[in-house]
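Structure record follows, encoded as structure tokens.
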Amino acid sequence: MATIKEIAELAGVSTTTVSYALNRSGSVSESTRRKILRIVEEIGYQPNKTAVSLRTSKTRTIGVVAEDLTVFVTPEIVDGICEYAEQAGYHIILDNLRVFHKVGNSFQALSHYHDEIRQLTDATLHDTVDGILYVGIHCRDVAEIVSSFERPVACIYCYSSSANAYSFFVDDETAAFQATEHLIRLGHRRIAVLTGPVDSLPSQSRLRGYQKAILQNDIVINPHYFQVGDWSQESGYELAKRLFSLRSHPTAVFSLNDYMAFGVLQAAKEAGLSVPEDVSVIGFDNQPVSRYCTPALSTLAPPLRELGSGAAASLIALLEGRAVPRKGKAFACQYVERQSVAKARR
């Protein structure tokens, strides 16, 4: 098995320089670092992880605590984390809490699992990681959970009001404002909105964005155009049937998630309305199936991979003693134009 001494001899440098290059520490020129890393790759050198950990008190391992891997946002976030960590020379320990399986969309029930979450996390990650990335299934304050962690922590798709955590989340309000503004620029004035549960923070933020755009454009909000759903396709379908039965039905529907938007498309078809000629529809989340429905759904895509890689980058910078300028960061969504939106008919 190759050793650091052999690498040093091949590179014509000291063993200390090799160690600095491998651990990304000390003063090593970029050209020397690249030369050493090329030799490491050529000879297949593998460091003794136990020895490195004992010598540096660092494991170069990050714990990723996912509340539920089956929730659609989580896999891409975790992949973004893994990609960045791999490039930075860190290992990942993944812990799946299966929270959605236990509580679903019940935000109140979720709070009853805080103690269980802490116990599961402590049992899995105690003394084995340098830092923790906590991936939520709902955007909410998880300070009660992460404040007990004895390692640096960054929260993703959620946030923490505690002083020990960094937070990375989606700018839902701005995205919803921009989507509503887009419909208004296309001439729509009768714009309905389908929200999620009233205790959902993403639903509240997205609704604020919608309301802000409506008010800034001096549009009178029709109370019948405001409908509260539960994120399911079934609720979107039932709520849209109500909207399309109105004498003056909306010319556009902004659904605050894609699944409810799928229900809107179904209800419009049954009501004899053509999408987008008679009614435009915008969703939120950019679910994979949104491009395959008929018509393909225009929607807002949250930057999930960027959330993961951005959080990993900040946590690793913190672990390596580099400056991390912000305690939290909101990431912008991208509007994905497909076939479900058109200009309003005059």
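No lab work stands behind these numbers, since they all come straight from the coordinates. As the structure is a computational prediction, the values presented were derived from the model and not from experiment. A quick note on method: Cβ atoms are made from the backbone with ideal geometry, for glycine too, and the neighbour counts reach across all protein chains shown.
Shape analysis of the range 193-237 places it in the oblate category; the axes a ≥ b ≥ c from the Cα gyration tensor give an a/c of at least 1.5, with a/b not above b/c. Rounded is the label for the range 4-47. Its Cα gyration tensor axes, ordered a ≥ b ≥ c, give a/c under 1.5. Going through [x] 56, 55, 47; [y] 83, 43, 33; [z] 65, 46, 41, the figure that equals Cα extents along the principal axes in Å as computed for the structure here is [y]. Against the main long axis of the alpha-carbon atoms of the chain, helix 30-43 sits at an angle near 80°. Inter-label distance, residue 215 to residue 76: 3.1 nm, where each label sits 7 Å from its Cα along the C-beta direction. Taking amide H as placed 1.01 Å from N in the peptide plane, the amide H of residue 300 sits under 5 Å from that of 283, 284, 285, 286, 336, each at least 5 places away or on another chain. In terms of its C-alpha gyration tensor, the range 172-302 comes out rounded, because the ratio a/c of the largest to the smallest axis stays below 1.5. Net charge in the neighbourhood of residue 219 (other residues with Cβ under 14 Å of its Cβ; Lys, Arg +1, Asp, Glu -1) is +2. For the range 191-252 and the range 255-328, what is the separation of their Cα centres, given in Å? Using only Cα atoms to place each centre, the spacing works out to 17 Å.
Exposure proxy for 212, 269: other Cβ atoms within 10 Å of each Cβ, ordered fewest to most, give 269, 212. With R₀ fixed at 22 Å, the C-beta to C-beta distance from residue 324 to residue 33 puts the FRET efficiency at about 0.45. What aspartates and glutamates sit close enough to residue 269 to cross-link, taking a C-alpha to C-alpha distance under 19 Å and skipping anything fewer than 8 places away on the same chain? In chain and number order, the partners are 234, 238, 258, 277, 278. Cross-link partners of residue 5 among lysines, defined as those whose alpha carbon lies under 24 angstrom from its own and excluding same-chain residues fewer than eight positions apart: 35, 49, 58.
Rounded to 0.05, the FRET efficiency of the residue 93 and residue 226 pair, given R0 = 51 Å and the Cβ-Cβ distance, is 0.70.
A full extension of the chain between residue 292 and residue 277 corresponds to an added length of 3.5 nm, given 0.36 nm per residue minus the alpha carbon distance.
Each label point was placed 7 Å from the Cα along the Cα-to-Cβ direction; for residue 241 and residue 3 their separation is 7.8 nm. As a rough footprinting exposure proxy, the listed residues 242, 247 were ranked by other beta carbons within 10 Å of their own, and the order from fewest upward is 247, 242.
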